[in-house]
1. How many residues does the stretch 66-80 hold that are open to solvent by 10 Å² or more (accessible area, probe 1.4 Å) and either assigned to a strand (DSSP E or B) or under 20 Å from Ser56 (Cβ atoms) (or both)?
2. Give the stretch 117-132 a look and list any residue that's under 10 Å from Gly72 (Cα atoms) and at pLDDT below 95, or say none.
3. Hey, does the stretch 194-209 have a residue that's farther than 25 Å from Thr92 by Cα, at pLDDT 85 or above, in a loop (DSSP other than H, G, I, E, B) and β-branched (Val, Ile, Thr)?
4. Across the stretch 261-310, what is the number of residues that are polar (S, T, N, Q) and surrounded by fewer than 20 Cβ atoms within 10 Å (Cβ to Cβ)?
5. Report, by residue number, each residue of the stretch 45-65 that is assigned to a helix (DSSP H, G or I), open to solvent by 10 Å² or more (accessible area, probe 1.4 Å) and small (Gly, Ala, Ser).
6. Condition (residue is among the polar types (S, T, N, Q), open to solvent by 50 Å² or more (accessible area, probe 1.4 Å) and more than 22 Å from Gly373 (Cα to Cα)) applied to the stretch 95-102: is it met by at least one residue?
7. Is there any pair with a first residue in the stretch 207-236 that is touching a residue at least 60 places away in the same chain (Cβ under 8 Å) and surrounded by fewer than 18 Cβ atoms within 10 Å (Cβ to Cβ) and a second that is of a type in the set (Val, Ile, Thr) and in a loop (DSSP other than H, G, I, E, B) whose Cβ atoms are under 6 Å apart and which are 6 or more apart or on different chains, and what are they?
Amino acid sequence: MIGVEPSVGVAGMSRTTLEALRAQLGPQFINEQQRVFFDSQAPEVLYSGAFRAGKSRIGCEKAYYLARRYPGIPIGIFRKVKASLPATTERTLLHDVVPRSAITASNQSQSWYEFSNGSRIWFFGLDPDPITGIPSKVGSVDLGWAFVDEAAEVSEGDWEMVKGRLSWPGIPYHQISAATNPASPKHWLKVRFTPPTPERVYLHASTFDNPALPADYLSEAAASTDDFRHRRYHLGEWVSAEGAIWHLPDAAVRRPELGTTWKRVVAGIDWGFVHAFACEVVGQSGEGRLAVLDEVYAKGALLEQDIVPRLLALKLAYGIETFYADPSQPEYIATARAKGVPVEPATNDVLPGLNAVGAAIAEGLTVSPSCTGLLGEMPGYVWAQDRLSGGFKEAPVKVEDDACDALRYAVMALRTDPWGTYGTGVA
């Protein structure tokens with residue numbers, strides 16, 4: 001198995017002693033991947049896999065085990081967006097792992113739970129601060145162990161920030177661990193853990209590695225005919241889809257060169273709440289090349305309370321002249337305008353917009369690695385299949401396309417401007 005470590009115990013304990021402790025305190029593992037994740041002392045551990053592979057559960061189990069094993073330990077559990085925690089990871093911990101009788105104190109507003117030995121489990125969102133653009137709320141936290149759930153949502157900068165919080169002295173090893181569904185094979189997380197090393201343990205599981213799932217669920221998963229989603233969501237592979245609309249070269253995923261100045265900066269907006277709200281910031285150099293500089297990508301975020309402050313911060317940081325938004329929601333446009341966001345209805349001609357982005361990529365468009373929403377969507381942004389011909393229609397599949405739509409709006413705004421020819425020069 002990829003990433004299996006030598007048979008060593010926690011804090012030098014023998015395997016026999018460790019197994020005895022686990023019998024009292026530890027979980028019952030559904031697969032070998034969970035066992036390795038639980039036992040690992042490597043500085044970084046990633047458990048990547050398909051739907052229902054037990055990834056979030058084992059992260060919560062290990063958090064609870066360590067909280068009991070090391071008195072006073074502060075443990076952090078993270079997701080990109082704090083608002084998504086109560087219905088996901090926090091619910092798993094409280095509903096499936098920790099007996100309510102074990103919690104001796106809690107603070108709902110600060111999102112922590114304390115146990116009788118003084119250990120605490122904290123829940124944090126890595127939402128960027130509207131002013132600084134970084135998740136500053138975790139900047140002064142001292143942790144003994146950290147778990148990032150759905151890690152494909154976070155940036156590499158977020159990862160390094162969490163890793164830098166691991167300085168609590170009362171545990172014999174420090175570790176940032178994570179669970180995630182797979183995304184693009186070019187995603188920074190996959191690149192970071194490939195190939196695995198003793199310092200970076202990579203674990204992988206499919207849906208079919210969970211024997212506890214109902215037979216009808218496994219049967220339906222096995223019968224899936226959508227190859228891309230079957231390979232990602234049931235087999236847990238980091239793959240791109242056939243029929244992808246845009247092909248972004250590996251070298252195009254990079255930050256702009258130092259000293260680059262932008263002739264224009266605009267942004268595209270695709271409204272969302274249950275599905276993602278997406279805003280992609282695009283700069284155009286003096287020689288016409290485009291670069292995606294930054295993004296807002298959030299689920300469950302409220303327009304006035306959460307989104308507008310972040311848009312205003314982006315405007316200030318990048319000098320955005322106009323935000324071009326999905327025109328199907330005029331009430332959202334009006335609300336954002338009233339709060340000071342210079343937003344206009346976007347040009348929503350789909351095929352010209354797809355072609356415009358394709359042309360921009362061919363002419364050197366780059367995407368910052370921090371734009372994880374866009375980079376996660378692009379490999380699965382595909383042409384709809386034409387069942388009669390067996391080929392593809394000239395329209396995208398309308399699934400997980402929020403950041404791609406936002407990019408299309410921004411690029412069209414630059415393309416249709418009289419000045420807006422992209423050119424072939426490099427900024």
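The values are calculated or read from the model by the stated rules, or taken from the named source; none is laboratory data. Being a predicted model, the structure only gives us computed values, none of them experimental. With ideal geometry, Cβ positions are generated from the backbone for all residues, glycine too; neighbour counts draw on all protein chains shown. Just the protein is used for accessible areas: all its heavy atoms, side chains included, with ligands, DNA and RNA removed. Shrake-Rupley method; radii C 1.70, N 1.55, O 1.52, S 1.80 Å.
1. Result for the stretch 66-80: 4.
2. Residues satisfying the conditions do not exist here.
3. yes
4. 2
5. Scanning the stretch 45-65 gives a single hit, Ser56.
6. Of the stretch 95-102, the ones among the polar types (S, T, N, Q) are 101.
With open to solvent by 50 Å² or more (accessible area, probe 1.4 Å) added as a condition, the list becomes 101.
The next check asks that each one be more than 22 Å from Gly373 (Cα to Cα); those that pass are 101.
Yes - at least one qualifying residue is present in the stretch 95-102.
7. Ala212/Ile30
Per-residue answers, yes or no, for (1) out of contact with any Lys or Arg (no Cβ under 7 Å at 6 or more places or on another chain); (2) of a type in the set (Val, Ile, Thr):
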site	(1), (2)
Glu280	yes, no
Ser285	no, no
Val296	no, yes
Gln305	yes, no
Leu311	yes, no
Leu316	yes, no
Glu321	no, no
